[in-house]
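The values are calculated or read from the model by the stated rules, or taken from the named source; none is laboratory data. Everything quoted here is computed from the prediction, not taken from an experiment. Methodologically, a virtual Cβ is constructed for each residue, glycine included, from the backbone with ideal geometry; neighbour enumeration extends over all protein chains shown.
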Amino acid sequence: MISTSTRISCIVLFVISTISSTALAGDPSAILEGHARITFENTDKSAQSRDEANEFGTEDPSVFSQFRLNPEISAPSRHDNNAAPQYGDLENFGYFLTPSMWPASRGTTIVFVCWENASPRFVREMEWVQRAASSSWQEHSGLAFRGWRGCAETSDGIRILIEDTGPHVKQLGAFLNGRPAGMVLNFTFQNWSPSCARNESARERCIRSIAVHEFGHATGFAHEHNRWDTPGECTLEPQGTDGDVMLTPYDASSVMNYCNPVYNNNGSLSLLDVASVQAVYGKPQ
Ligand SMILES: [Zn+2]
């Protein structure tokens, strides 16, 4: 249904973000201890190869302006019905790719994050990203993003490249483990989405809310509007890899939903985003 060469566009709407700022993640000793324990081997080769070429990214903000809520539109099947996920015990419980789940260790799922091209020039921006990830997915679940320092050549976990291009991840969840430039984030917006650079406030809002969205992918979540049960008023095409389980009812307010009229839900997880991440990674320890 979706070309493996598809780069996901993550539309930009510039709405004031009210991301809460909470404590930064991690104590250094836990970082090293956990780092040594982390080993992840994906055993689902089909899912891995399917995802290999996929990129989840943000592209032309004008895509968003093409979106219209139109109740007149009938509800087309967004996916072939034969491809609809099989409901099971998870029926009532986002849209998650099961093989991309990061492994837990001693009750906590520690995921290391490092910067491939950390720069003193971007100290504030790097902190915004860390706070965005920590105050969203981490704060509401058993996930713990640790590290946040420069990448070594062999660093595993999520490797972030800072680049003035469309923000994206190249895989979902643990398929990102150790992958060079697995996540690409834009801090300057000179080439891509220059309206994010119209003032400092807009730039910070873009950086924070995009970080929450991309870390949703890095946690294992596909785009909410990719679901087969997405209502007809959401007319955007599915983008990128689909999930394989639907953990909650369709969530119009998800940070992972392109059809959310509030771009990335201002970087705040919806109630169902929280329910989803807790269904996978448990509640905060
Ligand atoms: Zn996305």
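For the range 231-247, the criterion of being part of a helix (DSSP H, G or I) and more than 16 Å from the ligand (Cβ to nearest atom) is met by no residue.
Taken over the range 110-133, residues that are of a type in the set (S, T, N, Q) and either crowded, with 22+ Cβ neighbours inside 10 Å or in contact with a His (Cβ under 6 Å, 6 or more places away or on another chain) (or both) amount to 0. With respect to (1) of a type outside the set (Asp, Glu); (2) assigned to a helix (DSSP H, G or I); (3) in contact with a strand residue (DSSP E or B) (Cβ under 8 Å, 6 or more places away or on another chain), the lone exception for residue 181 is condition (2).
Does residue 187 satisfy the condition of being of a type in the set (Phe, Trp, Tyr), within 25 Å of residue 277 (Cα to Cα), in contact with a strand residue (DSSP E or B) (Cβ under 8 Å, 6 or more places away or on another chain) and at pLDDT 95 or above? So residue 187 does not fit the description; no. Residue count for the range 138-178 satisfying the condition of being in a loop (DSSP other than H, G, I, E, B) and either within 15 Å of the ligand (Cβ to nearest atom) or polar (S, T, N, Q) (or both): 10.
Kindly check whether there is at least one residue in the range 194-209 that is within 15 Å of the ligand (Cβ to nearest atom), polar (S, T, N, Q) and surrounded by fewer than 21 Cβ atoms within 10 Å (Cβ to Cβ). No, the range 194-209 contains no residue that is within 15 Å of the ligand (Cβ to nearest atom), polar (S, T, N, Q) and surrounded by fewer than 21 Cβ atoms within 10 Å (Cβ to Cβ).
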